[in-house]
1. Take the conditions surrounded by 10 or more Cβ atoms within 10 Å (Cβ to Cβ) and at pLDDT below 95 and apply them to Ala28. Does it pass?
2. Considering only segment 68-114, state which residues are out of contact with any helix residue (DSSP H, G or I) (no Cβ under 8 Å at 6 or more places or on another chain) and among the hydroxyl-bearing types (Ser, Thr, Tyr).
3. Looking only at segment 62-104, count every residue that is open to solvent by 90 Å² or more (accessible area, probe 1.4 Å) and either modelled with pLDDT under 95 or not in a helix (DSSP H, G or I) (or both) and tell me the total.
4. Can we say Leu35 is open to solvent by 90 Å² or more (accessible area, probe 1.4 Å), modelled with pLDDT of 95 or more and out of contact with any Asp or Glu (no Cβ under 7 Å at 6 or more places or on another chain)?
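The values are calculated or read from the model by the stated rules, or taken from the named source; none is laboratory data. For clarity, every value in this text was computed on a predicted model and none was experimentally measured. Here the Cβ is made from the backbone with ideal geometry for all residues, glycine too, and neighbour counts use every protein chain on show. Accessible surface is based on the protein model in full, side chains and every heavy atom, while ligands, DNA and RNA are left aside. Shrake-Rupley method; radii C 1.70, N 1.55, O 1.52, S 1.80 Å.
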Amino acid sequence: MSRAGAPLKGRAGRLARLMPSASPSSAARTPFVLLVVLLLGGGLITLLLLNSALNEGSFRLSELKRDTTELTDEQQALQRDVDSYSQPGALERRARELGMVPGGSPAFLDPDGTVRGVPTKATAPPPSPSPTPSPEPTPEDGAQADEAGAGVPSPTPSGTATPSPGAAAEPESEDAPAPENTPATPPPTTPGR
C-alpha cells in the first residue's frame, strides 16, 4: 500500500514528472494557444483571399490580352485598307469615278510677277473603246438555223442564249455579273477610325 502524499520512485516517478499535472501553469498557456490558433487561421484566410485576387487578376489579364490581339488585327486590316486606297492606281480610279480629269500643263508665277509657261485647260480624255465581241449565232446544225427567226435567240453549246444583232442588250437575270466598268463600292469602315 502506498501513501498518497509520498513521492513516487523509479519508473512511476519519471512518468509523473513527464505528465503535466493540473496546475496554474496550464491556465497561463490557454491564451497563448488561442492566439497562435487565431494567427494561423487569419493567415490562412488572408492567403485564400490573396490567391483568389491573383486568380481574378490573371483572368482579367488574359481577357485584356485577347482584346489587344483582336484590336491589333483590326488595326492591321484597316491599315491594309488605307494602303490599298493610297496606291496611285486606286487614287486615279477613284478620281475618275468622281469626275476628275488629269490637269493640263501648269503655269508658274515668278517672284517678280511674270508668268512662266502657258496654262492649258484640263480636258477629259476620250473614253477608251472597250472591245465588245459581236454576237454570232452558232447553230449546231443547219436545221436549227432555218427554224430560228431573225429576232429569236439561238442556243449555244454552253446552254446560254446569244441575242440577235438587232435585239437590245438586257441583263438575263439578277444573278448575272455586273459590267466590268461599273465602280465597285468600297467596303464599309468603322466610324471614328
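1. Details: surrounded by 10 or more Cβ atoms within 10 Å (Cβ to Cβ): no; at pLDDT below 95: yes.
It is false that Ala28 is surrounded by 10 or more Cβ atoms within 10 Å (Cβ to Cβ) and at pLDDT below 95.
2. Just the residues of segment 68-114 that are out of contact with any helix residue (DSSP H, G or I) (no Cβ under 8 Å at 6 or more places or on another chain), to begin with: 68-83, 86-89, 92-93, 95-114.
Answer for segment 68-114, where residues must be out of contact with any helix residue (DSSP H, G or I) (no Cβ under 8 Å at 6 or more places or on another chain) and among the hydroxyl-bearing types (Ser, Thr, Tyr): Thr68, Thr69, Thr72, Ser86, Ser105, Thr114.
3. Number satisfying all stated conditions: 10.
4. Working: open to solvent by 90 Å² or more (accessible area, probe 1.4 Å): yes; modelled with pLDDT of 95 or more: no; out of contact with any Asp or Glu (no Cβ under 7 Å at 6 or more places or on another chain): yes.
When the stated conditions are applied, Leu35 does not pass them.
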